[in-house]
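The values are calculated or read from the model by the stated rules, or taken from the named source; none is laboratory data. Predicted model only: the values in this text are computed from it and were never measured. Because the Cβ atoms are built from the backbone with ideal geometry, glycine has one as well, and the counts that use them run over all protein chains shown. Protein only, heavy atoms only, side chains kept; ligands, DNA and RNA dropped before computing areas. Shrake-Rupley method; radii C 1.70, N 1.55, O 1.52, S 1.80 Å.
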Amino acid sequence: MPSEHNLHALHSREVKLLRETINQLLVMAKMQVQEKDKSDAFGLLIMQLREANQNLVLATFGAQDMQASAEATTVRQTEFLAMLAHELRNPLQPLAMANDLLAKKVDLDPQLVDVHGVIGRQVAHMARLIDDLLDASRVSSGKITLQLAPILLSDIIASAVEVGQASISQRQQVLSVSMPKDALVIEGDLVRLTQVFANLLINASKFTHEFGHIDIVVRRHDDLVEIAVSDDGAGIALDIQPFIFDLFTQGFRSLERAQGGLGIGLSLVRIVTQLHGGTVDVFSAGVGFGSQFVLQLPLSSLAPPSQDMQAAPAACALPRRILLIEDNADAAEMLALLLTQDGHHVDVRNDGPSGLRAALDAPYDVIVCDIGLPGMDGFQVISSARAALPAPLPCFVAASGYSQLGQFDRAGEAGFDHYLVKPINIDTLSKIITATVPR
């Protein structure tokens with residue numbers, strides 16, 4: 001009996017040990033399954049990460065390709081707009097010169113005064129549209145630059161009124177300007193700020209009925225100046241106002257009163273104002289209730305420009321010898337006629353090589369040279385002439401349809417003394433000519 005009892009106890013221990021071993025094996029098997037599941041999940045995760053990384057690499061290359069394509073498109077667009085502006089300005093040049101000639105004949109027929117005015121306004125309008133095209137490119141690419149200097153606000157407003165007066169007078173509108181008596185100085189770019197307020201005035205005139213009213217009110221607020229340009233014209237729809245300063249945005253136009261423009265002017269107003277550290281806002285109760293544009297600009301602590309300008313000496317009226325190098329035959333003929341009527345002796349050449357030969361063969365006081373010429377461009381002509389001619393050198397004037405800043409710099413490097421953008425302002429050219437000392 002004792003041995004049987006011992007055998008039973010031994011059997012029980014072995015069964016218990018076997019059960020424990022089986023349980024351990026089951027736990028180990030379960031752990032192995034879990035590890036395998038983890039390994040499989042980890043492998044799947046690695047595969048997903050590799051796939052995501054490949055997609056990211058492809059997306060990065062795609063984004064780089066898209067950026068390069070966009071940059072190339074922007075460059076092509078800028079080059080196209082520059083070429084388009086050049087090609088549009090070329091036919092404007094003879095039109096503007098012919099109109100200047102017509103101005104000398106208006107006493108022959110009373111109707112010529114109106115004809116002269118119509119042509120002048122339309123040429124100026126076309127020139128502004130061309131400038132707007134180029135400014136749109138500069139705005140989108142962020143390439144608007146400023147030439148800062150202390151300026152009297154009164155000078156800016158006066159220049160803008162001078163630009164917008166033709167449109168206001170044509171529609172027989174009433175313009176009033178209210179300014180403080182104190183001189184207000186702004187550190188800014190006179191040309192760009194004049195463009196800002198001229199755009200606002202021309203817009204106000206364009207969308208205001210005949211005999212309507214336009215007001216410019218200037219108020220000082222501590223270190224800021226507020227300029228409000230208001231009209232009692234067509235107004236601006238409420239749903240358009242949040243986007244009125246966006247590029248290519250235009251307000252309502254009825255079929256009976258379609259107005260020109262590219263929707264660039266107000267965008268330029270905002271950009272230039274912001275570049276000067278200012279703000280611009282629009283206020284209108286809606287269509288038919290007029291509109292008001294309010295600009296705020298920081299005042300400058302710099303001294304205002306000297307007001308005691310000495311009277312400039314009278315320009316010397318002696319005739320000058322002028323060489324005109326221009327491949328547009330109509331433009332060359334009209335400008336030569338104008339300069340000849342002013343008493344100057346003018347020779348004309350229509351390509352670069354013949355223009356250079358003429359410059360070297362005879363002494364000239366002024367050489368007016370186009371940039372885009374057959375045979376040799378204007379840069380090559382003038383740099384060659386400047387290198388070969390003895391002192392004193394003639395005054396070299398560029399006449400070009402290109403208005404990019406790079407062209408101005410390149411013209412200076414080539415040896416030009418002045419750079420005029422077509423259509424040339426004949427008064428500006430005349431001042432340059434008369435300021436030149438005859439050789």
(request) For residue 102, indicate whether it is in contact (Cβ under 8 Å) with a residue 12 or more places away in the chain, in contact with a His (Cβ under 6 Å, 6 or more places away or on another chain) and part of a helix (DSSP H, G or I). (result) yes
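One line per residue, one yes/no per condition, for (1) open to solvent by less than 20 Å² (accessible area, probe 1.4 Å); (2) over 15 Å from residue 283 (Cα atoms); (3) under 25 Å from the mean Cα position of the chain (by Cα):
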| position | (1), (2), (3) |
| --- | --- |
| 175 | no, yes, no |
| 179 | no, yes, no |
| 188 | yes, yes, yes |
| 197 | yes, yes, yes |
| 202 | no, yes, yes |
| 215 | no, no, no |
| 219 | no, yes, no |
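Applying the selection to region 322-344, what residues are open to solvent by 80 Å² or more (accessible area, probe 1.4 Å) and either farther than 14 Å from residue 430 by Cα or at pLDDT 95 or above (or both)? Please lay out each step first, then the result.
First, pick out the residues of region 322-344 that are open to solvent by 80 Å² or more (accessible area, probe 1.4 Å): 330, 333, 341.
Result: 330, 333.
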(request) Restricting attention to region 331-365, report how many residues are among the small types (Gly, Ala, Ser), assigned to a loop (DSSP other than H, G, I, E, B) and in contact (Cβ under 8 Å) with a residue 40 or more places away in the chain. (result) 1
(request) Only residues that are over 52 Å from the mean Cα position of the chain (by Cα) and open to solvent by 100 Å² or more (accessible area, probe 1.4 Å): list them for region 36-50, please. (result) 36, 38, 42
(message) Checking the structure you have, find out if any residue of region 297-319 is within 22 Å of the chain's Cα centre (by Cα), modelled with pLDDT of 90 or more, of a type outside the set (S, T, N, Q) and closer than 30 Å to residue 180 by Cβ.
(response) yes
(request) Determine which single condition residue 211 fails, assuming it passes every other condition in (1) farther than 15 Å from residue 282 by Cα; (2) open to solvent by 40 Å² or more (accessible area, probe 1.4 Å); (3) in contact with a helix residue (DSSP H, G or I) (Cβ under 9 Å, 6 or more places away or on another chain); (4) at pLDDT 90 or above. (result) (3)
(request) Considering (1) under 30 Å from residue 213 (Cβ atoms); (2) at pLDDT 85 or above; (3) more than 22 Å from the chain's Cα centre (by Cα), say which one residue 119 fails and leave the rest. (result) (2)
(message) Residues that are in a loop (DSSP other than H, G, I, E, B), exposed (fewer than 10 other Cβ atoms within 10 Å of the Cβ) and without any contact (Cβ under 8 Å) to a residue 40 or more places away in the chain: does region 1-12 have at least one?
(response) yes
(request) Look through region 385-437, keep the residues that are assigned to a strand (DSSP E or B) and aromatic (Phe, Trp, Tyr), and return whichever of them is farthest from residue 83 (Cα to Cα). (result) 396
(request) Scan region 345-354 residue by residue and report those that are under 32 Å from the mean Cα position of the chain (by Cα) and open to solvent by 40 Å² or more (accessible area, probe 1.4 Å). (result) 350, 351
